[in-house]
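Student: My questions will all concern the structure given below.
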Amino acid sequence: MAIDDKTKSELREIAARYPEARSGLLPMLHLVQSVEGRVTSEGIELCAEILGITAAEVSGVATFYTMYKRRPVGDYHVGVCTNTLCAVMGGDAIFERLKGHLDVGNDETTEDGKITLEHVECNAACDYAPVVMVNWEFMDNQTPESATQLVDDLRAGKEVQSTRGPKICTWREAERVLAGFPDGRADDGPAAGPASLVGLEIAREQGWTAPEANNA
Amino acid sequence: MTVTTGSTDGVEKVDLVTVTIDGIQVSVPKDTLVIRAAEQVGVQIPRFCDHPLLAPVGACRQCLVDVPDAGNGRGFPKPQASCTLPVAEGMVVHTQATSPVADKAQQGIMEFLLINHPLDCPVCDKGGECPLQNQAMSNGRGETRFEGVKRTFPKPINISPQVLLDRERCIVCQRCTRFASEIAGDPFIELVERGAQQQIGIAENAPFLSYFSGNVIQICPVGALTSAEYRFRSRPFDLVSSPSIAEHDSCGSAIRVDHRRGKVMRRLSGNDPEVNEEWITDKDRFAFHYANQPDRLTYPQVRDEDGSLRPASWPEAFAVAARGLRAAGSSAVLTGGRLTAEDAYAYSKFARVALGTNDIDFRSRPLSAEEASFLASEVVLRTPSQGAVSFSDLESAKTVVLVGLEPEDEAGAIFLRLRKAVTAGTTRVVSIAPYATRGLTKLAGELVRTAPGEEAAAIAALDVDADTVLLVGERLATSPGALSAAAESGARLAWVPRRAGDRGAVETGCLPNLLPGGRPVSDAAARVDAATTWGVDSLPDSAGRDADQIVAALVAGELGGLVIGGVDPDDTSDPAATRAAIEAASFVVALELRETDVTRAADVVFPVAPVTDKAGMFVTWEGRPRTFDAVFSNPNSLPDLRILAGIAEELDLSLGFRTVAEARAQMEEMGPWDGARAAHSPVPTSSTTGDGLAVSTWKLLVDNGSMQDGDKAYLATGRAPVARLSRSAYDAVGPTVTLTGDRGSVTLPAEPADLADGVVWVPANSFGRGVLADLASPGSRVTVKGANQ
Amino acid sequence: MPDTLTPVLTDNWGDDRAWTLASYAARGGYSALDKAFAMDPDAIIAAVKDSGLRGRGGAGFPTGMKWGFIPQDNPKPKYLVVNADESEPGTCKDIPLMMASPHTLVEGVIISSYAIRANKAFIYIRGEVLHVIRRVQNAVREAYDAGHLGKNIHGSGYDLDVVVHAGAGAYICGEETALLEGLEGRRGQPRLRPPFPAVAGLYASPTVINNVESIASVPSIIGNGASWFSSMGTEKSKGYGIFSLSGHVKKPGQYEAPLGITLRTLIDLAGGMREGHELKFWTPGGSSTPILTAEHLDVPLDFEGVGAAGSMLGTRALQIFDDTTCVVRAVLRWTEFYKHESCGKCTPCREGTWWLVQTLAALEKGQGSEADLDLLLDQCDNILGRSFCALADGAVSPISSSIQYFRDEYVAHLTHGGCPFDHTASTLFAAEGANA
């Protein structure tokens, strides 16, 4: 697949955001993924050419960060947190259930090309454990049953809403946002999930506040 | 005669810092790293990633030491990597020699390194000279505690046609990647993947094609990097190592020749901080098989009555040669630029004393009278010890201007030293050249875009001061007025020829206008001085013919005899004319290593010793003498000077030497000329115009040169020949072009470059028999069209 | 004596459309900005120093002092880089902060950049939090539109541009110099120090790198005064902080309180442990901080208190595990995490984590012998303080601390011939009667 001129100019646009063009490489590779469905060698060579560095240097970067994929990713990247806390709270069980249900192993894609399953590391939502990420949107407080339903809905093309975010978009669309091209969904979803607010609610109930400002 | 070694650098004042290492006080310059300060007190701290010519990285952690006092009264709570820790006044360091903490820390690191290292030392090329193996013995535990699963990778992968990578053995110290990016500027190898899977890698379809790639093999502290050329061929402990000097360019790089039972097995870089530091080009490293090709001459031959060459004894060959030259009447001498200074001296003296002529020239390539004048007035006898430009001056100069010189191709050690200077931020590089080469880009250099022939004007337009160094390449000989402009520029000037023997040939008088030691032929006192040393009544007093004139005179029958050594006709200004001259000569004595067009046409052929079989001296572009000893003792392999002495004796003359040592002693006795130098006769610039494209050309580092024969892997690392055109010309004629000049046509892939319109660049010796034989005469123009037009 | 909980950063999280500029401004957002512009930049640095704010990203280095290290006579541009690469297992405070109130961060970025005389700031957000990135991108755009960013902000003559930069999956980029490498488009491997980023950071220019929560705290310090901030907390650990409770408590979530609060208080607030279970072990500040047990319930959660208890306050990521949890399994999983996230640069981390995982995995399966525990501890000893950065120090923390407190449980795996725990019992859904 050839990367089109629009993408090339967007890659240059990313590089131009920074005082030194090479800083754009991480978002540029996100953009390559949004177009190519993975990091291709064509994408690597193009980034190298735009940045004036070698393809080996780009490869070194592309293989360092785990969000960059060398095999095609499905429409939905389903990441099950199996770091200790989520694993203990049920992440392991969810991951095992999904592997069986989808008949794929870790970092594999279903035959219909819809779902890529991967166990992921801590995604900073421990108070919502166990957590599943779909295209890097939060799906909080999952169970094996809810996760199974989730992937079934995704495969069936049903609309799925993140528990703390918008309707789930495709992986490629998500990668485009990560490249710095907003998709207009920032206002979707709540400000905070329930767990984020528990302390605040107790404080409100108890009338606890920070001290008054002393404008000295 | 020539020169003494020694640096011109003054002694710099350095701030000293006193530290105590293992109870021993030592004062070292400020900013010295603890690992090197420890060497001063005789303590070798084990290390892998550390390399004195690479920036500290602190990756392997093998060099941990205990620092109970950092110089401020407080210690570090944990062991510190001594390769990244600079000394501080009053610092106290305990190495593994005195500290159980440091010793355990080092043993711990070693154990970690070994858990994933294969136990294949018995079949590993590095076994026996392996820093990991050695330091595991000195600083590791005897038995492993690891009982788990080792990391495995498929066994070696090619990262270039020449370099193989065994990822299992790699300890990811990053020496190779750091060399590639910091030193060579060729970051085609990089760390890829991460964590335990981290490895050295290349991009798809982008092999590690660096002219300096072999250095990474040498600095790899394990057997992870090997060469296709040497892999599995020998054990280090079976090798004998001899220091030598590389014969491929005028840099005089120190090398180490490793050999076994009379055969060179590999070559490594030597370590000479004043010259090549610890790096050599791949040509210096891998191009040594030329001396052992099947066409190597091993015995003298004379032309029989039936017209064929037949083997002859040495005495017979000497006698036939002498008889033939005596009968030929006027004779001339052509030497290539590959001779040692002693051999060149022998040719020079032989021409004057035995043949009675100044018709001698080492320049078996396009040349000019302006150049001969320039060499006599501006180059000969100038040495670093007398203030001439040296390698280290390239680091201190504010600006280095390159004219007619592409160091990455033509003088690799200069390229690396310039890169070092540029990286350090001390030096700016300017290149007067037709386009910005990859080499210039790696030097962050500024291009003064110049069409061939316009160099003189470009030099004159330079803003030059006394801190500017001007490096002029031998190619400037074909640009009228350019060397004159260089001589008048006011910059510090150095002439950088391509071949190892060129500068020595200048010093020893293999020129029509110079006698040995810079004595001008035109100076009667100088002639008398030389004649006196040589014990002859007089020397020929008229300036001789240069190489082109010798060729013309042979063709015209004005000269009869020719003594020729180390000349490839295809290198000369007019290859066809040179061949015709050899044919036309009434008697040709050829001294050669291998059978060539010249030897096939000669009347007497003498095999000469390759550099491995003789002692000798090359003089670097700086004027620095670089002597080396014979690697092998091979009584049947004689240096040129011994053969010339033999012929002279048959002419009832004595050259006064039969051995290299005797020749060198005579050269020293003769010494440099202390009279007036020849003055330069300036030549005005003359711009060439005409139809078609001006041709810019030089020889790539890796090309079809015969001294690169014999290593397929090495040759496969060369750059594919392309014709470079301006963008607009490229767009007009497309990706494949046919160039047609006065000597032929050639079809090549084309590439756009930032050339001026009206200029085409082609590599000089990467297709057919090269530009001069197959495309265009020096200074001529070519036409270009699309290959399908 | 302040109240038990002191919502400052979390105070507006429940507001309607809290992430918008309109909502933030409605409760006085961006008013600290004008106050700041009326001050000399050095006075802001002094105020942050006086407040006693210590870095909220784990290390606890005094923020004002860090700013003071920027050599203002250096002619190169200065940069502020916000470390929003929140990846330490258990840590989950910056992500909800940026999702709920990204403008708090943006306002902090503006004041902090002004203080250090930076005209360009970067917010490096880990890539795996798409909606958070949307919210921050949006907030930055809103701030530009409202004149809080760009040229001549609020007529002050001060210019600032902010770039939101998405990472791509590397825990190590939470280490500040590795983050700079990532931000420069390189492999996220830590740099040699010195030079420190304050002298030669991003593009070898003077750079301040601060955690999200640290920068987000700045508007409140400038708005309310340094002494307001320092009236909270303990002697050397001033102010408030977000405490993130996760795991086997009834109400996991974010609790913003003065530093020095105890886990006992926090668990009480969180409704106690899961019904019928007891606290077994917990991390005070993420998985890199040595685990603690029920005996440490009353340790004041400030830098000194937790340090004295043999661990570190870290990011106040309180992961709470009850008696159903197998500590060996927990530690093995963390170790696998460190192995996965080791950047590979240095030997002890790269090879050490490879070996640790194998040794622990065998022990968890009940293989090996008790001597392997000593081998494990010796490996830890050969890693701790020997590696290039602190990642490997973090990797050995759970191992050595868990052997310290739960050696018997390791041995039990050997005698039992495997893990004696029912892993189902520790799941969230076990309590609900669900089964995996």
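Student: Show me the helices (runs of 4 or more DSSP H) entirely contained within segment C:45-160 in which 1 or more residues are buried (at least 24 other Cβ atoms within 10 Å of the Cβ) and in contact with a Ser or Thr (Cβ under 6 Å, 6 or more places away or on another chain).
Tutor: Values: elements: C:63-68, C:94-100, C:102-116, C:130-145.
Per the criteria, C:63-68, C:94-100.
Student: Kindly provide the set of residues from segment B:597-621 that are within 15 Å of B:V302 (Cα to Cα) and polar (S, T, N, Q), ordered by number.
Tutor: Residue satisfying the conditions is B:T599 alone.
Student: Okay, moving on. Return yes when C:A178 is farther than 21 Å from C:R350 by Cα, outside any loop (DSSP other than H, G, I, E, B), open to solvent by less than 30 Å² (accessible area, probe 1.4 Å) and in contact (Cβ under 8 Å) with a residue 40 or more places away in the chain and no when it is not.
Tutor: Numbers: farther than 21 Å from C:R350 by Cα: no; outside any loop (DSSP other than H, G, I, E, B): yes; open to solvent by less than 30 Å² (accessible area, probe 1.4 Å): yes; in contact (Cβ under 8 Å) with a residue 40 or more places away in the chain: yes.
In short, no.
Student: Here's something else I'd like to know. Filter segment A:1-21 for residues that are open to solvent by 40 Å² or more (accessible area, probe 1.4 Å) and modelled with pLDDT of 95 or more and give the result.
Tutor: The initial filter retains those residues of segment A:1-21 that are open to solvent by 40 Å² or more (accessible area, probe 1.4 Å), namely A:1-2, A:4-6, A:8-9, A:12-13, A:16-17, A:19-21.
Scanning segment A:1-21 gives A:D4, A:D5, A:K6, A:K8, A:S9, A:R12, A:E13, A:A16, A:R17, A:P19, A:E20, A:A21.
Student: Still on this structure, I have one more. Mind checking which residues of segment B:97-144 are assigned to a loop (DSSP other than H, G, I, E, B), modelled with pLDDT of 95 or more and farther than 23 Å from B:T226 by Cα?
Tutor: Of everything in segment B:97-144, those that are assigned to a loop (DSSP other than H, G, I, E, B), modelled with pLDDT of 95 or more and farther than 23 Å from B:T226 by Cα turn out to be B:A97, B:T98, B:S99.
Student: Scan segment A:56-65 for residues that are touching a residue at least 24 places away in the same chain (Cβ under 8 Å) and either closer than 13 Å to A:V35 by Cα or facing chain C (nearest Cβ under 7 Å) (or both) and jot them down. Explain how you work it out, then say what you get.
Tutor: As a first pass, look at segment A:56-65 and keep what is touching a residue at least 24 places away in the same chain (Cβ under 8 Å): A:58, A:61-62, A:65.
Of everything in segment A:56-65, those that are touching a residue at least 24 places away in the same chain (Cβ under 8 Å) and either closer than 13 Å to A:V35 by Cα or facing chain C (nearest Cβ under 7 Å) (or both) turn out to be A:V61, A:Y65.
Student: Picking from B:R545, B:R498, B:R519, which residue would you name as being open to solvent by 10 Å² or more (accessible area, probe 1.4 Å), of a type outside the set (S, T, N, Q) and in contact with a Phe, Trp or Tyr (Cβ under 9 Å, 6 or more places away or on another chain)? First the steps, then the outcome.
Tutor: Values: B:R545 fails: in contact with a Phe, Trp or Tyr (Cβ under 9 Å, 6 or more places away or on another chain); B:R519 fails: open to solvent by 10 Å² or more (accessible area, probe 1.4 Å).
Of the residues listed, the single one that is open to solvent by 10 Å² or more (accessible area, probe 1.4 Å), of a type outside the set (S, T, N, Q) and in contact with a Phe, Trp or Tyr (Cβ under 9 Å, 6 or more places away or on another chain) is B:R498.
Student: Also, I was wondering about something else. Quick one: count up the residues across segment B:61-107 that are more than 28 Å from B:G142 (Cβ to Cβ), charged (D, E, K, R) and surrounded by fewer than 16 Cβ atoms within 10 Å (Cβ to Cβ).
Tutor: 2
Student: Is there a residue being hydroxyl-bearing (S, T, Y) and at the interface with chain C (Cβ under 7 Å from one of its Cβ atoms) anywhere in segment A:166-177? Let's see the steps before the verdict.
Tutor: First pass over segment A:166-177, keeping only residues hydroxyl-bearing (S, T, Y): A:170.
Okay, now just the ones that are also at the interface with chain C (Cβ under 7 Å from one of its Cβ atoms), so none.
No, segment A:166-177 contains no residue that is hydroxyl-bearing (S, T, Y) and at the interface with chain C (Cβ under 7 Å from one of its Cβ atoms).
Student: Scan segment B:107-153 for residues that are of a type in the set (D, E, K, R) and within 27 Å of B:A97 (Cβ to Cβ) and jot them down. Steps first, answer last, please.
Tutor: First, pick out the residues of segment B:107-153 that are of a type in the set (D, E, K, R): B:111, B:120, B:125-126, B:129, B:141, B:143, B:145, B:147, B:150-151.
B:E111, B:K126, B:E129, B:R141, B:E143, B:R145 - these are the residues of segment B:107-153 that are of a type in the set (D, E, K, R) and within 27 Å of B:A97 (Cβ to Cβ).
Student: Output the qualifying pairs, or none if there are none: Cβ atoms under 6 angstrom, residues six or more apart or on different chains, first residue in segment C:17-45 and under 15 Å from C:G225 (Cα atoms) and within 11 Å of chain A (Cβ to nearest Cβ), second residue of a type in the set (K, R) and open to solvent by 20 Å² or more (accessible area, probe 1.4 Å).
Tutor: Partner pairs satisfying both residue conditions: none exist.
Student: Going by the structure shown, is C:M65 outside the structural domain of C:G286 (by TED's automatic domain parsing), under 21 Å from the mean Cα position of the chain (by Cα) and without any contact (Cβ under 8 Å) to a residue 24 or more places away in the chain? Lay out the reasoning, then the answer.
Tutor: Values: outside the structural domain of C:G286 (by TED's automatic domain parsing): yes; under 21 Å from the mean Cα position of the chain (by Cα): yes; without any contact (Cβ under 8 Å) to a residue 24 or more places away in the chain: yes.
Here the answer is yes, as C:M65 does meet what is asked.
Student: Let me ask something additional. Name every residue in segment C:2-44 that is open to solvent by 20 Å² or more (accessible area, probe 1.4 Å), out of contact with any strand residue (DSSP E or B) (no Cβ under 9 Å at 6 or more places or on another chain) and aliphatic (A, V, I, L, M), in order of residue number.
Tutor: Residues satisfying the conditions are C:L21, C:A22, C:A25, C:A26, C:A38, C:M39, C:A43.
Student: Look through segment C:67-100, keep the residues that are of a type in the set (K, R) and in contact with a strand residue (DSSP E or B) (Cβ under 6 Å, 6 or more places away or on another chain), and return whichever of them is nearest to the other protein chains (Cβ to nearest Cβ). Show your work before the answer.
Tutor: Going through segment C:67-100, the residues of a type in the set (K, R) turn out to be C:76, C:78, C:93.
If we keep only those that are in contact with a strand residue (DSSP E or B) (Cβ under 6 Å, 6 or more places away or on another chain) too, we end up with C:78, C:93.
Values: C:K78: 12, C:K93: 8 Å.
My answer is C:K93.
Student: Kindly state which strands (runs of 3 or more DSSP E) lie completely within segment B:396-488 and contain at least 1 residues that are open to solvent by 40 Å² or more (accessible area, probe 1.4 Å).
Tutor: Where strands (runs of 3 or more DSSP E) fall fully within segment B:396-488 and carry at least 1 residues being open to solvent by 40 Å² or more (accessible area, probe 1.4 Å), they are B:428-433, B:446-449.
Student: If you scan segment B:568-591, which residues turn out to be within 13 Å of B:A552 (Cβ to Cβ) and either assigned to a strand (DSSP E or B) or charged (D, E, K, R) (or both)?
Tutor: Once the filter is applied, which keeps residues that are within 13 Å of B:A552 (Cβ to Cβ) and either assigned to a strand (DSSP E or B) or charged (D, E, K, R) (or both), segment B:568-591 yields only B:D574.
Student: Now, a different point. Any idea how many residues of segment A:73-96 are within 7 Å of chain C (Cβ to nearest Cβ), among the small types (G, A, S) and open to solvent by less than 10 Å² (accessible area, probe 1.4 Å)?
Tutor: 2
Student: So, one more: I'm trying to understand the selection: among the residues of segment B:49-72, which are without any contact (Cβ under 8 Å) to a residue 40 or more places away in the chain and assigned to a loop (DSSP other than H, G, I, E, B)?
Tutor: B:D50, B:P52, B:P56, B:G58, B:A70, B:N72
Student: Would you confirm whether or not segment B:609-627 contains a residue that is open to solvent by 30 Å² or more (accessible area, probe 1.4 Å), at pLDDT 95 or above, touching a Gly at 6+ places or on another chain (Cβ under 8 Å) and farther than 30 Å from B:D272 by Cα? Working first, answer last.
Tutor: So in segment B:609-627, the residues open to solvent by 30 Å² or more (accessible area, probe 1.4 Å) come out as B:627.
Filter once more, so that each one left must be at pLDDT 95 or above: B:627.
Pick out the ones that are also touching a Gly at 6+ places or on another chain (Cβ under 8 Å) and you get B:627.
Okay, now just the ones that are also farther than 30 Å from B:D272 by Cα, so none.
Checking segment B:609-627: not a single residue is open to solvent by 30 Å² or more (accessible area, probe 1.4 Å), at pLDDT 95 or above, touching a Gly at 6+ places or on another chain (Cβ under 8 Å) and farther than 30 Å from B:D272 by Cα.
Student: Considering only segment C:383-419, how many residues are surrounded by fewer than 23 Cβ atoms within 10 Å (Cβ to Cβ), within 12 Å of chain B (Cβ to nearest Cβ) and assigned to a helix (DSSP H, G or I)?
Tutor: Residues that pass the stated criteria total 1.
Student: Which condition does A:K69 not pass, out of (1) among the basic types (K, R); (2) more than 7 Å from every other protein chain (Cβ to nearest Cβ); (3) over 19 Å from C:C173 (Cα atoms), if it passes all the others?
Tutor: That leaves (3) as the condition not met.
Student: If I ask for residues that are surrounded by 17 or more Cβ atoms within 10 Å (Cβ to Cβ) and closer than 19 Å to B:D709 by Cα, which ones from segment B:260-285 would you list?
Tutor: Of everything in segment B:260-285, those that are surrounded by 17 or more Cβ atoms within 10 Å (Cβ to Cβ) and closer than 19 Å to B:D709 by Cα turn out to be B:V264, B:M265, B:R266, B:R267, B:L268, B:I280, B:T281, B:D282, B:K283, B:D284, B:R285.
Student: Right, another one. Out of curiosity, is C:G286 within 14 Å of chain A (Cβ to nearest Cβ) and within 16 Å of C:T63 (Cβ to Cβ)? Step through it out loud before you land on a result.
Tutor: Values: within 14 Å of chain A (Cβ to nearest Cβ): yes; within 16 Å of C:T63 (Cβ to Cβ): no.
So C:G286 does not fit the description; no.
Student: Would you mind listing the strands (runs of 3 or more DSSP E) fully within segment C:248-339 where at least 1 residues are open to solvent by 10 Å² or more (accessible area, probe 1.4 Å) and either modelled with pLDDT of 95 or more or basic (K, R) (or both)? Give the derivation first.
Tutor: Values: elements: C:253-258, C:279-283, C:317-322.
The strands (runs of 3 or more DSSP E) meeting that bar are C:253-258, C:279-283.
Student: Looking at segment C:211-247 only, could you name the residues that are open to solvent by 10 Å² or more (accessible area, probe 1.4 Å) and either part of a strand (DSSP E or B) or in contact with a His (Cβ under 6 Å, 6 or more places away or on another chain) (or both)?
Tutor: Matches in segment C:211-247: C:N211, C:G233, C:K238.
Student: Of the residues that make up segment B:683-696, is at least one over 30 Å from B:A436 (Cα atoms) and not polar (S, T, N, Q)?
Tutor: To start, the set of residues in segment B:683-696 that are over 30 Å from B:A436 (Cα atoms) comprises none.
No, segment B:683-696 contains no residue that is over 30 Å from B:A436 (Cα atoms) and not polar (S, T, N, Q).
The values are calculated or read from the model by the stated rules, or taken from the named source; none is laboratory data. Keep in mind it's a predicted model, so treat the numbers as computed, not measured. Note that each Cβ is placed from the backbone with ideal geometry, even for glycine, and that neighbours are counted across all protein chains shown. To get the accessible areas, we keep the full protein, side chains included, count just its heavy atoms, and leave off ligands, DNA and RNA. Shrake-Rupley method; radii C 1.70, N 1.55, O 1.52, S 1.80 Å.
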